[in-house]
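These notes are about the structure you will find just below.
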Amino acid sequence: MPTLFISDLHLSPERPDTADAFRGFLECQASRSSGLYILGDLFEAWVGDDDLGLPFHAGIAAALKRIGQAGVPLHFLPGNRDFLVGPDLARAAGLALLADPTRIDLHGTPTLLAHGDAWCTDDAQYQVFRAQIREPRWLADFLGKPLEVRHALAVSLRDRSEQAKAGKRMEIMDVNPDAITAAFREHAVSRIIHGHTHRPARHRHAVDGRSCERWVLPDWFDATGGYLSCDASGCHAEVWQ
């Protein structure tokens, strides 16, 4: 059975069609896989594990839990929108939490999994912001605020991010080629799978005489989902709708 990879669903109560598509994907595709890896931004925003009190979030966790209880291993690697996912959600959804990046043996091929935003090194402004919101003191202050305040701050940060992106060239917001080459070397892999950029593609890289491949996962913004299916023969991009 294949191993499946998804990212950038950005699930929220405001986009019920995407949530329905995801539930259908879990029941029809993930349930027949050898494992599902979610490479970040499952949620539009996750402001702490007390977000499980929101019925929408609890419902998504329950849908994942059912697939895990049926015997499908579930893995979650954090994205820039949901890096605050913690042990409470992991238990509720049956997820194994992964570091970013994580190296796995994927049907015999050494493969590096990541969300991808850490490799967008040309976007210096974003990298400064990324470091700031992961600083322990900033996190402690943020998580100490009431849930409704954190939700309001998340909306404000998202709006500010969208405004900043509007003035940037697409190339700046993509992964940096040198950062990708360094990742292939450092982790001794021949395949990388990541999301974040919303620019799905299969890229070929020549690294120290080795032929390597990089798969970029699609987003699910129009409720037409995409995923990557991998087995011993290789990886294949698929569409779910």
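The values are calculated or read from the model by the stated rules, or taken from the named source; none is laboratory data. Values in this document were obtained by computation on a predicted structure and should not be read as measured data. Glycine gets a Cβ as well: all are built from the backbone with ideal geometry, and neighbour counts include every protein chain shown.
Going through Asp82, Asp50 one at a time, which residue ends up being among the acidic types (Asp, Glu), farther than 19 Å from Glu238 by Cβ and touching a helix residue (DSSP H, G or I) at 6+ places or on another chain (Cβ under 7 Å)?
Only one candidate qualifies: Asp50.
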Quiz prompt | Within the stretch 52-74, tally of residues that are part of a helix (DSSP H, G or I) and modelled with pLDDT of 95 or more | solution = 16
Self-check item: Residue within the stretch 43-62 that is within 15 Å of Thr3 (Cα to Cα), within 15 Å of the chain's Cα centre (by Cα) and touching a residue at least 24 places away in the same chain (Cβ under 8 Å) present
Solution: no
Practice problem: Within the stretch 169-188, track down each residue that is in contact (Cβ under 8 Å) with a residue 40 or more places away in the chain and of a type in the set (A, V, I, L, M, F, W, C). | Solution: Ile172, Met173, Val175, Ala179, Ile180, Ala183, Phe184, Ala188
Quiz item: Restricting the stretch 189-239 to residues that are touching a helix residue (DSSP H, G or I) at 6+ places or on another chain (Cβ under 8 Å), without any contact (Cβ under 8 Å) to a residue 60 or more places away in the chain and among the hydrophobic types (A, V, I, L, M, F, W, C), which is farthest from Asp105 (Cα to Cα)?
Solution: Val207
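Pick out the one residue from Leu26, Leu4, Leu9, Leu36 that is touching a helix residue (DSSP H, G or I) at 6+ places or on another chain (Cβ under 9 Å) and assigned to a loop (DSSP other than H, G, I, E, B).
The unique qualifying residue is Leu9.
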Practice problem: Could you check the stretch 133-241 for helices (runs of 4 or more DSSP H) lying wholly inside it with 1 or more residues that are under 24 Å from Thr18 (Cα atoms)? | Solution: 147-166
Quiz prompt | Filter result (within 23 Å of Arg134 (Cα to Cα) and basic (Lys, Arg)) within the stretch 37-96 | solution = Arg81, Arg91
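I'd like the full set of residues that are outside any loop (DSSP other than H, G, I, E, B) and without any contact (Cβ under 8 Å) to a residue 40 or more places away in the chain, limited to the stretch 75-101.
Listed by number, the residues that qualify are Phe76, Pro87, Asp88, Ala90, Arg91, Ala93, Ala96, Leu97.
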Exercise. Could you please tell me which pairs satisfy a Cβ distance under 6 Å, a separation of 6+ or placement on different chains, a first residue in the stretch 133-150 that is touching a residue at least 40 places away in the same chain (Cβ under 8 Å), and a second residue that is surrounded by 12 or more Cβ atoms within 10 Å (Cβ to Cβ) and among the hydrophobic types (A, V, I, L, M, F, W, C)?
Key: Arg150/Val47
Quiz item: Quick one: is Leu113 modelled with pLDDT of 95 or more, crowded, with 19+ Cβ neighbours inside 10 Å and not basic (Lys, Arg)?
Solution: yes
